[in-house]
Structures are given as C-alpha cells and as structure tokens.
C-alpha cells in the first residue's frame, strides 16, 4: 500500500489499536479479535517478545488490517520492523533516526511528543503525525490548546484513551486516537475470553463514530 493510502486509512478509521503484552503467542489472536470488533489499524509494540515474528505472521493472516510497529526507539529497529512488514512506525519520543529510516523506505511515521516544542520539532523533522503522550493525564483540553497555534499538525492522543473519553478527544481535534490497555484486557486473554477484546474494540469504535456524527451536525 502506498504511503498516501496508509495515511488516508488512518485518518478514515481514526482508531488505532495498540497491542502490548508480555508474551508473543497471543499476538495474532489478539489482533484478530480487535479486527473483529471493527479495528482495521493495529500497532504491535516492539517491547513484546517476538514482535517482529508476530508482525510477519499477522501481515500474512490479516490481509485487511493495517499493521504497524510501536515503541520503535532507533533506526536499526525501525528497519527490522519495516522488513517484517510494518506499514507504519510509532515512537514514544522524538527519534530523528527513526523518522529518517521511515522516509528512506517510504513508511508512515508517527512520532511521540508531549510539549509544544517537541510536537513542532517532530513535525519539522518529517513526522507524518505526532503522538501526544500521555494523553490521559494531559486531557482533551491540552490537545485543543496545542492545536490553537499548531493547527497544521495531525495529533494522535495516546495513553489513557477509553470508550468513555475518546469522544472528547475527537471533539478536541484529534486526527487519530490510540487505544491500548482499554482494549487488551490481560485477564480476558489469560482466560481465553477473546470475545471481550472484540467487545471493547466495538465500544471504542462506536464512541468515536458517535463523536464524529455530533461534530458533523
């Protein structure tokens, strides 16, 4: 898929699911369950053991899911993730070498940042979007305030996003929102109740859809 098409899909779907677990054996099943709940864009964090292998497997098995790598901290890891099939990269902080590597391979990069200075720096370095973290602590008001002087930068609030507050972040101007812990219930996974993950994904997607309809009125 072309870079422009990937960006368009992220903007269209708006919801990006994050998978961060302690073992790799459940990764593809988790991704499948989230997709069943309506998520078409999923990030597998590089802090998970076997993440690269999971990205390769998920890319083969989930043809309709846009898969990316998260918590990418350096250029070498970025390259490995891209070669494994990642169609976008996400960093927790401003990492110039990751942005450079993404550009080299024509891959979308979402750079993490918090302060207005960091957000603008990431954008000027070439990030396609900027992840605002930790959004749950900063709140929708912070996102709205930052968009005042920096309206040209697509902001992606991450951390602490739930079905209860996702709509407020959308109304504050989020281009995309990321859901992680609110989706990937560790207890449900341990007990094999993947249908709970599907329902969590559905609730988040519905909350975002409702907010978008309210904005369009």
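So which of 75, 85, 38, 17 ends up being at pLDDT 95 or above, buried (at least 24 other Cβ atoms within 10 Å of the Cβ) and either in contact with a strand residue (DSSP E or B) (Cβ under 8 Å, 6 or more places away or on another chain) or closer than 30 Å to residue 137 by Cα (or both)?
17
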Residue ID - surrounded by the most Cβ atoms within 10 Å (Cβ to Cβ), chosen from residues in segment 140-165 that are closer than 30 Å to residue 22 by Cα and touching a residue at least 60 places away in the same chain (Cβ under 8 Å):
156
Within the set of pairs 6+ apart or on separate chains, which have a first residue in segment 1-29 that is at negative phi and free of Cβ contacts under 8 Å to residues at least 40 places away in the same chain, a second that is part of a helix (DSSP H, G or I) and surrounded by fewer than 17 Cβ atoms within 10 Å (Cβ to Cβ), and C-beta atoms under 7 Å apart?
24/53; 28/61
In segment 155-176, is there at least one residue being over 18 Å from the mean Cα position of the chain (by Cα) and closer than 21 Å to residue 93 by Cα?
no
Residues being buried (at least 20 other Cβ atoms within 10 Å of the Cβ) and either under 24 Å from residue 8 (Cβ atoms) or in contact with a helix residue (DSSP H, G or I) (Cβ under 6 Å, 6 or more places away or on another chain) (or both): count how many of those fall in segment 95-114.
11
Residues located in segment 130-139, provided they are buried (at least 22 other Cβ atoms within 10 Å of the Cβ) and either over 13 Å from residue 118 (Cβ atoms) or touching a helix residue (DSSP H, G or I) at 6+ places or on another chain (Cβ under 8 Å) (or both):
130, 132, 135
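The values are calculated or read from the model by the stated rules, or taken from the named source; none is laboratory data. Because the structure is a prediction, the values reported are computed rather than measured. Cβ sites come from the backbone with ideal geometry, for glycine too, and all protein chains shown count toward neighbours.
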